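The values are calculated or read from the model by the stated rules, or taken from the named source; none is laboratory data. What you see is a predicted model; the values in this text were computed from it and never measured. Every residue, glycine among them, receives a Cβ derived from its backbone with ideal geometry; neighbour counts consider all protein chains shown.
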Amino acid sequence: MSFELHREKFPCRISEVEIGAGVAGNGQRFLQVGGASTLPFLSFDGPSGHLPVIGMEVWDVVPELWPAPLENIFGPVAGDPVEWARHCAQEWGAEFICLRLRGADPELNDASPEACATLARDVLDATGVPLVVLGCGNDAKDNVVLQKVSETCAGRRCLIGPVTSDNYRTIAAAAMVNGHLVIAQSPVDVNMQKQICVLLNDLGVPQTQIVMDPTTGGLGYGLEYTYSVMERVRLAALQGESSLALPMIVFCGFEAWRAKEAKTGPTDGVVQGVAWEALTAGTLLQAGADMVVMLHPEATRVVREHVKALAGGEMTL
Amino acid sequence: MILIGERINGLFRDVAEAIQAKNPEPIQRLAVTQTEAGATYLDINTGPAVADPAAVMPWLVKTVEEVVDTPLCIDAAKLPAIEAGLKAVTKSRPIINSTIAEREQLEKYLTMARDYGAYLIALTMNRRGVSRDAADRLAMAMEIVVTADELGFPVSDLFIDPLVLPVNVGQEHAVEVLETIRQIKTLADPPPRTVVGLSNVSQGCPHRLLLNRTFVSMAMGSGLDAAIADVFDTQLVETVAAGRVLLNKEIYSDAFLQSVKKRSPK
């Protein structure tokens, strides 16, 4: 008796977005993300879209109280974000850079919008890979900073945000005008995720210029909530909920290294934080993450190998 | 829930005049405005005054398809007019509206629907007329399902219409229709779908819109899949949107009403 595989067929497809744009002469790379019409890695069900892309996070300020494993790696470059980003792209294989503009926070360095924008452009020029730019979390400041970043990096198709249903107009409008994409963020909540996406559609942001951030919970700190929400969002999208048919980005490095378990444990052999970060990412890849932002180069490498293996290749550990 | 816009019908004077004069403009305007209002299908009916519906139907289809991508519901009393309409369709998979549950006619319509890859609306009535109660309606629904199955027509591509009557002349029918909608889902797995001609419920009554809106939410609660309706009644479209959310067919968001509007026609 022959065995026939049951194929799950979904009526809808996740929109395909393009991040990064070439500038004449400098060989800027771009990434295509999304496009799935199946659940992650189930390519036997149908076209499963582009493989997830793995990027690395860079901060504009030297992080305070870093755990030793991060301090050891980034110590020499942490004071110079451009150098740090160049290392990520050239030495550690980051497919994109995620620049976190912590220093713009009025309570921290209160860096000027101009300084932030110049830094973003310098990182773009130095690395040659697509750029994600995150604000500092202060809505009023992010509105002016990200607007300036949008203008300065016009036409480079950066992914900018996050925007939330309480604060989206200024940043989304600036991104649209200058040819960037926006990160639509919700607080681990399917209804709020739909809300911000509907609001962005209403504003006129095309489906090809939105990436969703369902808010990442690290392993042990809400990972299963994030997983459930992402799974529900993806299933609803594939079944026809068009406002949610968008790629998703997760910030595994940042969230995993906040866990006390990541900062403790043996420091010889396998670093617990690296495992913590890689496990957070590996889990969320199964929930439908299309863009994964990492911190530690070793965790980045492990996750990249993991994606390769899931896609049918050989895994080298 | 599928909302089939009812306005492109020769029973309405503006449409009848446009057909008479072969003037595409009023028809195309109705196609665009109904789509923008939330219609997911457009009913297309030449009306009774046309001498040769089979000659007019292709023109109507072409006229509408020129301005919208919205799929069509080809509505005529006679088979040749429907077939002429089906031949003219170039875009999405259409719905045929409709056949009665009389064996010989069912077979012809099911075969035609299968050959043209269309959905089919079948009414729970036969030559003897409309049924009295839910049991009668269900017996005919069962005949429809069995015949479709015999002819290899997918039961889930069937829309069974349990026939809504005006509440001012057949008050006892509304509750029987709701019961029929509920029970039709038990006839097969996967079950056939259900559709009603919603505005019928209020024909000749004052407070028509209130009756339509109330009945559609009751019918949705019973499991209704589609309604041929007046989509220009904004509150009706919003009632359906709210119903979809409450039935957990669509993810809630505070902006759920915004997501039903602003559907672009093309």
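Checked against the criterion of being at pLDDT 95 or above, surrounded by fewer than 24 Cβ atoms within 10 Å (Cβ to Cβ) and either in a helix (DSSP H, G or I) or at negative phi (or both), the candidates A:314, A:277, A:298, A:261 yield just one match: A:298. Taken over the stretch A:282-295, the criterion of being in a helix (DSSP H, G or I) and either among the hydroxyl-bearing types (Ser, Thr, Tyr) or in contact (Cβ under 8 Å) with a residue 60 or more places away in the chain (or both) is satisfied by A:283, A:284, A:285, A:286, A:287.
The residue that is nearest to the other protein chains (Cβ to nearest Cβ), among those in the stretch A:161-184 that are farther than 11 Å from residue A:205 by Cβ and in a strand (DSSP E or B), is A:164.
Can you find even one residue in the stretch B:184-202 that is buried (at least 16 other Cβ atoms within 10 Å of the Cβ), part of a loop (DSSP other than H, G, I, E, B), within 14 Å of another protein chain (Cβ to nearest Cβ) and over 19 Å from the mean Cα position of the chain (by Cα)? Within the stretch B:184-202, not a single residue is buried (at least 16 other Cβ atoms within 10 Å of the Cβ), part of a loop (DSSP other than H, G, I, E, B), within 14 Å of another protein chain (Cβ to nearest Cβ) and over 19 Å from the mean Cα position of the chain (by Cα). Taking (1) over 28 Å from residue A:310 (Cα atoms); (2) among the β-branched types (Val, Ile, Thr); (3) modelled with pLDDT of 95 or more in turn, residue A:23 satisfies each apart from (3). For the stretch A:201-216, the criterion of being within 12 Å of chain B (Cβ to nearest Cβ), surrounded by 24 or more Cβ atoms within 10 Å (Cβ to Cβ), assigned to a helix (DSSP H, G or I) and out of contact with any strand residue (DSSP E or B) (no Cβ under 9 Å at 6 or more places or on another chain) is met by no residue. Can you spot a residue in the stretch A:116-132 that is among the basic types (Lys, Arg) and under 30 Å from residue A:241 (Cβ atoms)? No; the residues of the stretch A:116-132 include none that is among the basic types (Lys, Arg) and under 30 Å from residue A:241 (Cβ atoms). Residue pairs whose Cβ atoms lie under 8 Å apart, sitting 6 or more positions apart in sequence or on different chains, and linking a residue in the stretch A:74-101 that is on the phi > 0 side of the Ramachandran plot to a partner that is basic (Lys, Arg), are A:93/A:301; A:93/A:304. The requirement of being basic (Lys, Arg), part of a helix (DSSP H, G or I) and away from every other protein chain (no Cβ under 14 Å) is fulfilled somewhere in the stretch B:211-222, by at least one residue. Residues that are surrounded by fewer than 17 Cβ atoms within 10 Å (Cβ to Cβ) and touching a helix residue (DSSP H, G or I) at 6+ places or on another chain (Cβ under 7 Å) were ranked within the stretch A:93-109; the one that is farthest from residue A:162 (Cα to Cα) is A:93. Residue B:80 satisfies every condition listed in (1) assigned to a loop (DSSP other than H, G, I, E, B); (2) more than 23 Å from residue B:149 (Cα to Cα); (3) modelled with pLDDT of 95 or more except (1).
Count of the stretch B:30-61 residues, restricted to those that are in a helix (DSSP H, G or I) and surrounded by 14 or more Cβ atoms within 10 Å (Cβ to Cβ), is 16.
Restricting attention to the stretch A:143-160 and to residues that are of a type in the set (A, V, I, L, M, F, W, C) and touching a Cys at 6+ places or on another chain (Cβ under 7 Å), the residue that is surrounded by the most Cβ atoms within 10 Å (Cβ to Cβ) turns out to be A:149.
Among the conditions (1) away from every other protein chain (no Cβ under 14 Å); (2) of a type in the set (A, V, I, L, M); (3) surrounded by 21 or more Cβ atoms within 10 Å (Cβ to Cβ), residue A:190 misses just one, which is (1).
Being facing chain B (nearest Cβ under 10 Å) and among the small types (Gly, Ala, Ser) is the filter here; which residues of the stretch A:235-253 pass it? The answer is A:236, A:237, A:240, A:242, A:243. The set of residues from the stretch A:127-142 being surrounded by 17 or more Cβ atoms within 10 Å (Cβ to Cβ) and more than 20 Å from the chain's Cα centre (by Cα) comprises just one member, A:141. A residue that is in a helix (DSSP H, G or I), more than 12 Å from chain A (Cβ to nearest Cβ), polar (S, T, N, Q) and surrounded by fewer than 22 Cβ atoms within 10 Å (Cβ to Cβ) cannot be found anywhere in the stretch B:250-259.
Look at the stretch B:34-59: where a residue is farther than 18 Å from residue B:234 by Cβ and a partner is in a loop (DSSP other than H, G, I, E, B) and acidic (Asp, Glu), sitting 6+ places away or on another chain with Cβ atoms under 8 Å, you get B:43/B:6. Mind listing whichever residues of the stretch B:1-29 are in a helix (DSSP H, G or I), within 30 Å of residue B:258 (Cβ to Cβ) and either among the hydrophobic types (A, V, I, L, M, F, W, C) or touching a His at 6+ places or on another chain (Cβ under 7 Å) (or both)? Hit for the stretch B:1-29 is B:27, nothing else.
Annotation: of all residues in the stretch A:215-270 being polar (S, T, N, Q) and in contact with a Ser or Thr (Cβ under 7 Å, 6 or more places away or on another chain), the one that is nearest to residue B:248 (Cα to Cα) is A:243. Scanning the stretch B:60-79 for residues that are touching a residue at least 40 places away in the same chain (Cβ under 8 Å) and either within 20 Å of residue B:112 (Cα to Cα) or of a type outside the set (S, T, N, Q) (or both) yields B:60, B:64, B:66, B:67, B:68, B:69, B:73, B:74, B:75. Taking the stretch A:296-317 as the range and being hydrophobic (A, V, I, L, M, F, W, C), in contact (Cβ under 8 Å) with a residue 24 or more places away in the chain and out of contact with any Phe, Trp or Tyr (no Cβ under 6 Å at 6 or more places or on another chain) as the test, the residues that pass are A:299, A:302, A:303, A:307, A:311. Of the listed requirements (1) more than 26 Å from residue A:47 (Cβ to Cβ); (2) facing chain B (nearest Cβ under 10 Å); (3) among the charged types (D, E, K, R), residue A:232 misses just one: (1).
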